[in-house]
1. Considering only residues that are buried (at least 21 other Cβ atoms within 10 Å of the Cβ) and of a type outside the set (S, T, N, Q), look in segment 91-108 and name the one that is modelled with the lowest pLDDT.
2. With Thr49, Thr70 as the choices, which residue is touching a Lys or Arg at 6+ places or on another chain (Cβ under 7 Å) and modelled with pLDDT of 90 or more?
3. Given (1) assigned to a strand (DSSP E or B); (2) farther than 20 Å from Asp126 by Cα, where does Val85 come up short, assuming only one miss?
4. What number of residues within segment 88-125 are assigned to a loop (DSSP other than H, G, I, E, B) and under 27 Å from the mean Cα position of the chain (by Cα)?
5. Within the bounds of segment 220-238, is there any residue that is surrounded by 15 or more Cβ atoms within 10 Å (Cβ to Cβ) and at pLDDT below 65?
6. Only one of these is modelled with pLDDT under 95 and of a type in the set (A, V, I, L, M, F, W, C): Val3, Val23, Val32, Val7. Name it.
7. What number goes with the only condition from (1) buried (at least 21 other Cβ atoms within 10 Å of the Cβ); (2) in a helix (DSSP H, G or I) that Leu213 does not pass?
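The values are calculated or read from the model by the stated rules, or taken from the named source; none is laboratory data. None of the values given here were measured: they were computed from a predicted structure. Virtual Cβ from ideal backbone geometry, glycine too; neighbours counted across all protein chains shown.
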Amino acid sequence: MGVEICVEGLTKSFGHQVIWQDVSLTLPAGEVSVLLGPSGTGKSVFLKTLVGLLKPDRGSVRVAGRDITTLREHELYEVRKLFGVLFQDGALFGSMNLYDNIAFPLREHTRKSESEIRRIVLEKMDMVGLIGAEEKLPGEISGGMRKRAGLARALVLDPEVILFDEPDSGLDPVRVAYLNQLIVDLNAQIDATFLIVTHDIASARQVPDNIGLLFRRELVMFGPREKLLTSDEPVVRQFLNGRMQGPIGMAEEKDAAQVEQELAQLGDSARAETPGSRELTPRLLPGPGITRPPRWQAIARREAEPHRRREVADA
């Protein structure tokens with residue numbers, strides 16, 4: 001079972017440059033959350049802060065009730081064992097085959113026998129669809145396979161939290177679709193807490209239980225998927241629709257007058273768009289033979305409620 005992560009008033013800067021400030025959110029235990037935001041808004045910095053690789057200027061990060069910002073190094077080391085991380089490029093050792101790459105954390109951090117390590121490694125490779133590729137080197141496989149190998153390595157210590165740093169980076173749309181299904185299936189099987197940093201809007205619409213958006217050094221929104229996908233917030237609508245008109249510019253920020261003019265130019269149809277008129281993209285469901293966690297029923301009822309209210313209002 002995953003653990004809850006509570007972030008309160010988190011602020012991080014490098015010198016005089018503020019990355020983000022007063023960020024507060026709760027990653028519910030066992031759920032999948034996605035963090036969106038334009039390039040350069042500090043999403044990867046946020047992930048590093050969650051595992052204690054970077055120390056915030058202010059605020060707290062409580063993982064399973066322990067504030068990692070106040071822990072000593074040996075205490076932080078123990079908390080980090082709760083985490084698994086999938087890096088953008090898989091971060092595999094080029095001179096090791098896939099089996100040895102995936103076995104590396106077990107050999108480094110446990111005293112398990114080689115027979116036990118082999119059982120665990122093959123189990124995780126099977127979960128991500130890599131059985132038969134044990135002897136291949138990272139340079140001999142596709143980008144999608146490297147991602148899956150990196151994910152298998154993140155799983156070998158049975159973490160309660162898994163962080164994904166742009167898992168779709170460098171993948172074509174078909175491989176992204178396969179990876180999204182794999183993430184949904186894994187979450188249903190191991191029930192860990194997932195946090196995914198991504199720019200892929202299709203993934204953000206289909207995969208998570210919760211979505212957040214970073215912009216202008218702040219967390220604009222964070223909450224259930226349907227809340228953000230039906231939001232009227234201009235920066236949220238611009239990002240989800242991938243359009244130029246709105247607060248986000250090439251250098252992230254635009255002049256307020258320019259933003260107002262651009263939003264006005266979108267026309268009556270865009271301005272008339274209301275949360276009630278926006279249908280949610282259907283969620284990805286776990287594959288055949290994979291039991292859905294009990295929370296899926298509650299989430300399905302919650303997401304169906306606005307639709308039921310509209311039907312009653314139209315009757």
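1. Leu92
2. Thr49
3. (2)
4. The initial filter retains those residues of segment 88-125 that are assigned to a loop (DSSP other than H, G, I, E, B), namely 88-97, 110-113.
So of that shortlist, the ones also under 27 Å from the mean Cα position of the chain (by Cα) come out as 88-94.
Going through segment 88-125 one residue at a time, the tally reaches 7.
5. No, segment 220-238 contains no residue that is surrounded by 15 or more Cβ atoms within 10 Å (Cβ to Cβ) and at pLDDT below 65.
6. Just one listed residue meets the conditions, Val3.
7. Condition not satisfied by Leu213: (2).
Conditions (1) touching a residue at least 12 places away in the same chain (Cβ under 8 Å); (2) more than 24 Å from Gly2 (Cβ to Cβ); (3) surrounded by fewer than 17 Cβ atoms within 10 Å (Cβ to Cβ), marked per residue:
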{"site": "Ile131", "(1), (2), (3)": "no, yes, yes"}
{"site": "Glu135", "(1), (2), (3)": "yes, yes, yes"}
{"site": "Glu140", "(1), (2), (3)": "no, yes, yes"}
{"site": "Leu151", "(1), (2), (3)": "yes, no, no"}
{"site": "Ile162", "(1), (2), (3)": "yes, no, no"}
{"site": "Pro167", "(1), (2), (3)": "yes, no, no"}
